[in-house]
1. Would you check if ALA8 is more than 19 Å from ALA97 (Cα to Cα), in contact (Cβ under 8 Å) with a residue 40 or more places away in the chain, aliphatic (A, V, I, L, M) and crowded, with 17+ Cβ neighbours inside 10 Å?
2. Scan VAL19, VAL63 and give me the residue that is modelled with pLDDT of 95 or more and in a strand (DSSP E or B).
3. In region 16-45, which residues are aliphatic (A, V, I, L, M) and either surrounded by 19 or more Cβ atoms within 10 Å (Cβ to Cβ) or under 18 Å from VAL154 (Cα atoms) (or both)?
4. For region 51-64, enumerate the residues that are touching a residue at least 12 places away in the same chain (Cβ under 8 Å) and surrounded by fewer than 19 Cβ atoms within 10 Å (Cβ to Cβ).
5. Could you go through region 122-134 and let me know if any residue there is of a type outside the set (A, V, I, L, M), at positive phi and assigned to a loop (DSSP other than H, G, I, E, B).
6. Hey, can you tell me all the residues within region 30-50 that are touching a residue at least 60 places away in the same chain (Cβ under 8 Å) and either in contact with a Phe, Trp or Tyr (Cβ under 8 Å, 6 or more places away or on another chain) or not in a helix (DSSP H, G or I) (or both)?
Amino acid sequence: MTFTIREATAADALAIARVRAQGWREAYSHLLTAETLARVDAGIDVRAAGWAEAIAGGQVIQVLEVEGEVRGFAIGGEPESDERPRETQLSLLYILASEYGTGAGQALLDAAIGDGPAFLWTAEDNPRARAFYARNGFVPDGAREVREWLDNLVEIRMVRD
């Protein structure tokens, strides 16, 4: 399979919003209620507008394109908060399940943050993602947060030197 990793444009905003919503359904359906997942779907247009605004404002988003269709995206760079165990954070990485095992996730990770020191947050009960990040040198550092607004989803922080 051939894919392309490129920087997103504002024209990709709706596709990015759809990938994130579908990515949540595919990765978190065992962790989130149907009501929470429905809220994600219901807000697609609002989220797309937010993505377009972020891109127009200079947010760098790497997208995975397969056969002319956006099927994944990643955001990395300066940490979002003052609590920063490393100077680079992988903020988001989503690919559709149809692209699992193709190397596309690896290409997105590499494009977003390279192979240097970094950190990320991931669902504690997401063995596929945790294994992927472990293969890339990330290990849990003991930090853990409960996202009450997401049905008490538990996330752990993983770091790489």
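The values are calculated or read from the model by the stated rules, or taken from the named source; none is laboratory data. Computed from a predicted structure; not experimentally measured. Here the Cβ is made from the backbone with ideal geometry for all residues, glycine too, and neighbour counts use every protein chain on show.
1. yes
2. Answer to the selection: VAL63.
3. Passing the criteria: ILE16, ALA17, VAL19, ALA21, ALA27, LEU31, LEU32, ALA34, LEU37, VAL40.
4. Those that are touching a residue at least 12 places away in the same chain (Cβ under 8 Å) and surrounded by fewer than 19 Cβ atoms within 10 Å (Cβ to Cβ): ALA56, GLN59, VAL60.
5. no
6. Once the filter is applied, which keeps residues that are touching a residue at least 60 places away in the same chain (Cβ under 8 Å) and either in contact with a Phe, Trp or Tyr (Cβ under 8 Å, 6 or more places away or on another chain) or not in a helix (DSSP H, G or I) (or both), region 30-50 yields HIS30, LEU31, LEU32, THR33.
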